[in-house]
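Structure record follows, encoded as structure tokens.
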Amino acid sequence: MGSTGQLGRRTTEAGAAVAAARAGDEAAFAALAERYRRELHVHCYRMLGSFEDAEDLVQETFLRAWRKRASFLGRSSFRAWLYRIATNASLDALERRPRTALSHGAVPVAEVPWLQPYPDELLEETASDAAGPEAEVVAKETIELAFIAAIQHLPPRQRAVLVARDVLGWSAAESASLLDVSVAAANSALQRARATLGERLPRRRLEWSSGSEPSDEERLLLERYVDASERNDAAAMVALLREDALFAMPPSWEWWRGREAVVASWVRGGFGSDSWGRLRLVPTRANGRPAFANYRRRPGEPEYRAMALDVLRIEEGLVAEVVAFGPEVFAAFGLPPALLS
């Protein structure tokens, strides 16, 4: 009886808060909406592939929700209502985005110039706030860079249906209502989206290790990666990569396959020479993977300055993929622009 009574009180309190928000109480509305800010941010990030764009879209979602607050009639949860608004705001943003011709190659992370990483620390905040089915919003396999990049190849409405069905766990009817189409049309869009993903995602992706903490073997590999980087040792870096390793660096369209080719591209950029300078690496995590913030000190300079954030994928005891992002992403990870030592 006690738990039933508590549930009843919470339901009554939630109903009162919704009523106050609909009546124009800004504080009540903010209290309702803010609890979903982080998971809505993840949702918009999946839709757009950009951390910065997702920030703007969450603000747009709250603004639209406030303006439309009287239209919330309680037929669905307040959370679901916000997701509908966020999805439509994302679709509008995608319509405004310049259409870039994406190729049909095998390296989606190199074909999405607006791709940005997502800090694990913020994903963990979302997971701690979610419960039960809502925890699916941070499912590891749907936040990996490979997945985020691959769904950017989907037409916007197919993308929305796929995220609604396969990430949020919405029903076919709910997904159809989201886009104001028939259930048959929504199911058809979902089938096409899944087929495209089957072509775009790496074939062995399901065999990759989960986004959990690294094993002792992986931890040792990461320590060797830091050591080789900070010693400017190109040969040691080759030994740490898989033979078929991939390197990409959005927004550049260039990418390299094969450990010799990958490290050769770094050497051409100056890595390995004293005149290039020295690196300091700061560990972090992004999209469920280990990552390192690279700081470079050029000869004669007093500090190490932000250079790039490397997101790594480890497979069978070696580094299988390095996706590097520019210093503009450091702020999202709470990383400073420079280090003194």
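Read the figures in this text as sums done on the coordinates, not as results from a lab. Keep in mind that this is a model prediction, so the values were computed, not measured. Counting neighbours? That spans all protein chains shown, and the Cβs are built from the backbone with ideal geometry, glycine included.
Considering the dipole of the chain built from charges on the beta carbon (Lys and Arg +1, Asp and Glu -1) around the Cα centre, which of Phe62, Ala235, Pro250 is farthest to its positive end?
Phe62
Using Cα pairs closer than 8 Å and at least 6 residues apart in sequence, work out the relative contact order for region 216-339, in percent.
Numbers: 224 pairs, mean separation 28.5, N = 124.
Once normalised by length, the contact order is 23 percent.
Quote the relative contact order of the chain in percent (integer), defining contacts as alpha-carbon pairs under 8 Å separated by 6+ residues. Working shown, then result.
Values: 472 pairs, mean separation 48.5, N = 341.
Reported relative contact order: 14 percent.
Please tell me the relative contact order of region 254-314 in percent, rounded to the nearest whole number, where contacts are Cα pairs under 8 Å and at least six residues apart.
On the way: 78 pairs, mean separation 14.8, N = 61.
That works out to 24 percent.
Could you run the Karplus curve 6.51 cos²θ - 1.76 cosθ + 1.60 with θ = phi - 60° over region 61-69 and give me ³J(HN,Hα) per residue in whole Hz, x for Gly and Pro?
Result, rounded to whole Hz: 4, 5, 5, 5, 5, 4, 5, 9, 4.
At 0.36 nm per residue, and after removing the present C-alpha to C-alpha distance, how many nm does the segment from Gln59 to Arg298 gain when stretched out fully?
Details: separation 239, 0.36 × 239 = 86.04 nm, distance 3.94 nm.
Roughly 82.1 nm would be gained on extension.
Here are some values of Cα extents along the principal axes in Å: [x] 63, 56, 46; [y] 66, 43, 42; [z] 69, 47, 33. Which one was computed from this structure?
Working out Cα extents along the principal axes in Å from the coordinates points to [y].
For the pair Glu217 and Arg96, how long in nm is the line joining their label points, each one 7 Å along Cα→Cβ?
In this crude spin-label approximation the distance works out to 4.9 nm.
Using the alpha-carbon atoms, what tilt in degrees (0 to 90, nearest 10) does helix 120-129 show relative to the longest principal axis of the chain?
20 degrees
Calculate, for Arg305 and Ala30, the FRET efficiency according to 1/(1 + (r/R0)^6) with r their C-beta to C-beta distance and R0 35 Å; round to the nearest 0.05. Kindly include the intermediate steps, with their values, before the conclusion.
Values: r = 38 Å, r/R0 = 1.10.
It comes out at approximately 0.35.
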